[in-house]
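S.K.: The following block contains the structure, expressed as structure tokens.
Please treat every number below as a calculation from the coordinates, not as lab data. No experiment lies behind these values; they were computed from the predicted model shown. FYI the Cβ positions are ideal-geometry reconstructions off the backbone, even for glycines, and counts take in every protein chain you see.
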Amino acid sequence: MYKYLAEFLGTLFLMYVIAATGNPLAAGAALALSMLMTANISGGHINPAVTIAMAAAGKTDVNEIIPYILSQIFGALVALQIYIRFKI
């Protein structure tokens, strides 16, 4: 369960930084920070395409693809809602 929460929070952080700043340097730093924070917990995928690629390479269990991707999508949607509602 912590794996999915880590993916959710990592994606939320990354997507909020991208939406709030629009700065490629800030987005790259947010991606690096998200990956470093979640690497030991969930593998640091933070992106559905990475999750699918890791499963295809045999590095991630196939049964975890859907929960990972749903966590990442919900994290991105929550980041969008926070950005739209608060614009902080």
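S.K.: Criterion first (of a type in the set (G, A, S), in a helix (DSSP H, G or I) and surrounded by fewer than 16 Cβ atoms within 10 Å (Cβ to Cβ)) does A6 satisfy it? Quick ask: steps written out before the conclusion?
M.R.: Details: of a type in the set (G, A, S): yes; in a helix (DSSP H, G or I): yes; surrounded by fewer than 16 Cβ atoms within 10 Å (Cβ to Cβ): no.
For A6, the condition - of a type in the set (G, A, S), in a helix (DSSP H, G or I) and surrounded by fewer than 16 Cβ atoms within 10 Å (Cβ to Cβ) - is not met.
S.K.: Give the residues of segment 32-88 that are among the small types (G, A, S) and either in contact (Cβ under 8 Å) with a residue 12 or more places away in the chain or touching a helix residue (DSSP H, G or I) at 6+ places or on another chain (Cβ under 6 Å) (or both), sorted by residue number.
M.R.: Residues of segment 32-88 among the small types (G, A, S): 32, 34, 39, 42-44, 49, 53, 55-58, 71, 75-76, 79.
Across segment 32-88, the qualifying residues are S34, S42, G43, G44, A55, S71, G75, A76, A79.
S.K.: Mind listing just one residue for me: the one in segment 52-72 that is within 17 Å of I41 (Cβ to Cβ) and in contact with an Asp or Glu (Cβ under 8 Å, 6 or more places away or on another chain) and, of those, surrounded by the most Cβ atoms within 10 Å (Cβ to Cβ)?
M.R.: Once the filter is applied, the top-ranked residue is Y68.
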